[in-house]
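Shown next, in structure tokens, is the structure this report addresses.
Computed from the coordinates by the stated procedures, all read-outs in this text should not be read as laboratory data. What you see is a predicted model; the values in this text were computed from it and never measured. Here Cβ is always computed from backbone atoms with ideal geometry, including for glycine, and neighbour counts include all displayed protein chains.
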Amino acid sequence: MALEMTTDTESAMDTTISAPPAVSAEGETLKMRGRDVKVFYGDKQALHGVDLDVRKNQVTALIGPSGCGKSTFLRCLNRMNDTIDICRVEGDILLDNDDVYDPRIDVVELRARVGMVFQKPNPFPKSIFENVAYGPRIHGLAQSKADLEEIVASSLQRAGLFEEVKDRLDEPGTGLSGGQQQRLCIARAIAVSPEVILMDEPCSALDPIATAKVEELIDELRQNYTIVIVTHSMQQAARVSQRTAFFHLGTLVEEGLTNDIFTNPKDQRTQDYITGRFG
Amino acid sequence: MFWTYAALLLLVFVAANVYGRFRALQVAGHQLSVLHSRPTYHGGYLAILSTLPAFVLLIAWAVVEPRMLDMMVISANAEVIEGLSKPELQAFLRDARAIAFGGIVAFSDAGKEQAAEVFASLAQTSFVLKSVLMVGLVLGGLWYGNRAIRPTMRARHFVERTVMGLLILCSAVAIFTTIGIVLSLIFESLMFFRQIPILDFVFGTHWSPQSAFEGAGAEHGEANTKIFGAIPLLVGTMLITAIAIIVAAPIGLLSAIYLSDYASTPVRAIAKPVLEILAGIPTVVYGFFAALTVAPFIRGWGESIGLSVSSESALAAGLVMGIMIIPFVSSLSDDVINAVPQSLRDGSAGLGATKSETIRRVVLPAALPGIVSALILAISRAIGETMIVVMAAGLAANMTVNPLEAVTTVTVQIVTLLVGDQEFDSAKTLAAFALGLLLFCITLALNIFALRVVKKYREQYD
Ligand SMILES: Nc1ncnc2c1ncn2[C@@H]1O[C@H](COP(=O)(O)OP(=O)(O)O)[C@@H](O)[C@H]1O
Ligand SMILES: [Mg+2]
């Protein structure tokens with residue numbers, strides 16, 4: 001994939017000196033870039049050198065048969081793999097121009113910039129308010145109580161949950177329905193104002209109606225955030241994403257506009273997968 | 001005799017079981033599908049039907065027979081027995097039994113010989129009657145059961161119900177034993193409170209029952225009511241328990257956190273069992289460790305900085321007791337901390353929380369109910385502990401919150417009240433029951449409190 005460095009005129013206004021962001025051939029800003037990413041669980045290699053770009057303010061879907069390394073790649077993007085003792089990552093992952101795996105990078109800050117929503121809704125056993133306030137509190141984002149309330153309200157609003165829960169913010173988040181819980185988790189992620197949101201099969205534990213709501217939400221969030229979503233549902237990838245990457249056996253087979261991938265795949269394996277011949 | 005019969009019944013049980021199975025297959029024409037219940041159940045049905053009634057009879061007989069015999073012997077020898085006091089009557093019966101059935105006879109006389117004959121003949125009759133009844137029950141059960149076995153018979157339901165009855169019986173035994181113990185505590189305590197007003201006991205601040213004068217029983221004087229004040233014991237118990245918890249709670253909890261979230265697998269595999277070994281050390285070992293090592297050490301240390309420390313101190317006992325209950329806190333807390341789902345830790349880490357933030361703000365709150373109950377269990381354990389305190393804290397019922405002085409606890413005083421010679425109706429002995437009741441009330445209150453805390457803060461996660 002051709003990479004071209006151009007000068008961003010706006011950055012001249014910045015007082016700090018930073019390298020201009022990378023852009024794609026089409027002139028779209030690349031928010032994150034994976035270069036030759038290899039991941040090992042102990043002796044077992046799960047990813048065999050993946051090169052993948054994530055474009056700003058777009059939804060990138062990762063699809064592929066289970067066990068092909070989608071989650072593994074996703075978890076590299078905010079170093080969630082650090083929590084697994086036996087996991088080792090090689091290659092470069094860049095967020096803007098910062099190497100995510102640079103020892104000088106603070107994972108706390110990284111994860112504030114690259115948030116994550118998990119497969120199973122996992123609200124903390126706290127009140128709805130406290131769930132959303134959790135991130136702002138640990139990062140000290142709110143100066144006052146009013147500030148915090150403002151952040152919580154606006155995050156819930158963006159997650160499309162505010163109307164449903166505004167009268168019971170002090171009730172436990174675990175008491176919500178599955179779909180509401182997942183949107184609560186999204187609100188929780190939004191509350192720390194991340195730049196990128198990673199979602200690992202966020203709808204796989206939800207019923208169709210809740211799924212539709214979350215998909216709608218993902219589409220709206222694209223305005224302000226860059227989103228990477230793992231999904232096992234090709235319909236979902238087609239509905240919510242602009243670009244799709246197909247993984248197979250730990251390699252990235254093919255990446256491109258979602259439309260192209262689904263109507264005109266270049267690789268036989270992609271073709272087989274989307275026509276349901278395996279996986 | 002009892003065991004011979006029980007063994008015979010067991011044989012019948014096995015045989016009936018085998019036969020019932022065989023019979024079921026026979027009536028089914030060796031076609032399993034026509035049977036409502038599998039042959040095993042028919043075997044069980046027949047076995048239960050033939051032996052259970054006889055077994056119940058056997059036990060009932062064993063319980064009732066001696067009493068019946070005694071009563072009949074007494075009525076048959078009314079003229080000899082007349083005028084005997086209760087202990088004399090018991091001695092009489094004991095000797096008569098010994099003459100009749102063999103055993104050590106204290107001394108015999110004509111009256112006892114006569115009673116012994118009555119014993120022997122009654123026992124003979126009883127034996128015959130019992131045997132006839134049992135054989136009748138077994139045969140009746142076999143006959144009825146054998147007739148009842150047919151393909152549509154719901155043997156499975158019968159067996160399941162019998163098993164359920166057995167389970168209910170076992171739990172009833174546990175429950176009624178508990179109730180019995182509590183009731184006896186209450187009754188004996190009531191007897192105590194008849195001599196010592198309950199308020200003097202619960203709110204009295206002076207405890208020195210050993211100074212009760214001779215015959216502190218029935219003809220107790222006014223002074224006696226003033227020496228059974230339980231407050232110093234309660235204060236001593238609280239003091240030592242508080243010291244123990246202050247030691248055990250942080251150490252236990254922090255090591256649990258280390259073990260569950262920081263320790264690598266090999267470290268954990270070694271450290272956890274080692275911690276649990278602490279729980280296996282007999283308390284008497286802790287006791288002399290406290291008395292011979294820790295107490296003198298504290299004393300020496302106190303003297304070197306100019307404090308007066310008595311050679312037995314609440315501090316020594318509390319410290320060692322704290323060490324003793326560390327494994328309770330750490331092992332149970334470790335389990336509940338581990339039970340907090342990994343997904344919650346991931347969720348927190350995904351928001352940029354550090355490990356310690358995750359533990360403080362997510363894991364510990366989620367595990368709180370379990371941790372509280374672990375702590376309460378440890379407290380109950382500390383309150384009930386006797387050995388360490390006897391050896392290291394002393395017997396002096398000082399009312400003090402100074403950990404450097406000797407104190408005593410409820411359990412220790414129960415022990416000292418009950419060692420040595422005693423009359424069962426003296427206030428001194430009965431005081432032990434009252435203390436037991438007090439202790440029971442405290443631990444009960446603690447447990448109820450713990451349950452409520454757990455319920456209130458129970459966090460649902462799945
Ligand atoms: N924690 C782990 N320890 C060991 N192996 C793992 C772990 N997580 C994933 N793997 C392995 O890595 C491969 C890719 O897994 P994953 O990324 O979860 O696949 P996907 O999300 O595409 O279904 C699988 O073969 C899986 O067995
Ligand atoms: Mg996955």
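Points to keep in mind about this one:
- Of B:Lys428/B:Lys456; B:Lys272/B:Lys455; B:Lys112/B:Lys428, those spanning more than 32 Å from alpha-carbon to alpha-carbon: B:Lys428/B:Lys456; B:Lys112/B:Lys428
- Going from the residue with the fewest nearby Cβ atoms within 10 Å to the one with the most, B:Trp61, B:Trp3, B:Trp207 rank B:Trp3, B:Trp61, B:Trp207.
- Largest first, the three principal axis extents of the alpha carbons in the protein assembly as shown are 127, 95, 50 Å in whole numbers.
- Residue-averaged [θ]222 nm for chain A, counting only DSSP H segments that reach four residues, each worth -39500 (n - 2.57): -9500 deg cm²/dmol
- Per principal axis, descending, Cα span of region A:134-236 in whole Å: 44, 28, 20
- Distance between region A:130-178 and region A:195-271 - C-alpha centres, whole angstrom: 27 Å
- Anchor A:Lys213: lysines whose Cα lies under 21 Å away (excluding residues fewer than 8 positions away in-chain): A:Lys120, A:Lys166
- Histogram of C-alpha separations across region A:27-274, 10 Å bin width, %: 8, 31, 35, 20, 5, 0
- Debye log10 I(q)/I(0) for region B:224-461, one point scatterer per Cα, at q = 0.09, 0.12, 0.14, 0.17 Å⁻¹: -0.47, -0.76, -0.95, -1.19
- For chain B, diffusion coefficient by Stokes-Einstein and Kirkwood Rh (Cα), 37 °C, 0.692 mPa s, µm²/s: 115 µm²/s
- Centroid-to-centroid, using Cα positions, region B:1-70 and region A:24-59 are 74 Å apart.
- Look at A:Cys68, B:Cys170 and count the other Cβ atoms within 10 Å of each Cβ; fewest to most, that gives B:Cys170, A:Cys68.
- Cα-Cα P(r), region A:220-279, percent of pairs per 10 Å interval: 21, 57, 18, 4
- The residues neighbouring A:Leu249, those whose beta-carbon lies less than 12 Å from its own, together hold a net charge of +2 under the Lys/Arg +1, Asp/Glu -1 convention.
- Taking a Cβ cut-off of under 10 Å around A:Cys203, the surrounding Lys, Arg, Asp and Glu residues balance to a net charge of -2, with basic ones at +1 and acidic ones at -1.
- Taking the longest Cα principal axis of chain B as reference, the axis of helix B:231-257 is set at about 80 degrees.
- Our summary gives region B:224-461 a relative contact order of 29 percent, counting only alpha carbon pairs under 8 angstrom and 6 or more residues apart.
- Sorted by Cβ density within 10 Å, fewest first, the residues B:Ile414, B:Ile74, A:Ile209: A:Ile209, B:Ile74, B:Ile414
- 17 Å Cα-Cα reach of A:Lys145 towards aspartates and glutamates, excluding residues that sit fewer than 8 places from it in its own chain: A:Glu130, A:Asp170
- Cα-derived Rg over Rh, computed across region B:238-302 with Rh taken as Kirkwood radius: 1.07
- For the Cα trace of region A:184-227, dividing Rg by the Kirkwood Rh returns an Rg/Rh value of 0.95.
- Isotropically averaged projected area of region B:236-374, using the convex hull of Cα atoms (one quarter of hull area), nm²: 10.2 nm²
- Antiparallel DSSP beta bridges within the protein assembly as shown, as percent of all bridges there, nearest 5: 65 percent
- Extension gain for B:Val27 to B:Lys226 (0.36 nm times residue separation, less C-alpha to C-alpha distance): 63.7 nm.
- Helical contribution to [θ] at 222 nm, DSSP H n ≥ 4, -39,500 (n - 2.57), averaged over chain B, rounded to 500: -25000 deg cm²/dmol
- Share antiparallel - DSSP beta bridges, region A:27-274, percent rounded to 5: 60 percent
- Contact order relative to length of chain B, as percent, for alpha carbon pairs under 8 angstrom and 6 or more apart: 16 percent
- All C-alpha to C-alpha distances of region B:2-153, sorted into 10 Å bins beginning at zero, yield P(r) values of 11, 29, 20, 15, 12, 9, 4, 0 percent in whole numbers.
- Whether region B:117-203 is rounded, prolate or oblate, judged on the alpha carbon gyration tensor where a/c under 1.5 counts as rounded: oblate
- 16 Å tail of the calculated P(r), region B:322-383, as % of Cα pairs: 47 percent
- Loop-located chymotrypsin sites (Phe, Trp or Tyr not before Pro) in region A:208-279, at most 11 other Cβ atoms within 10 Å (DSSP): A:Phe278
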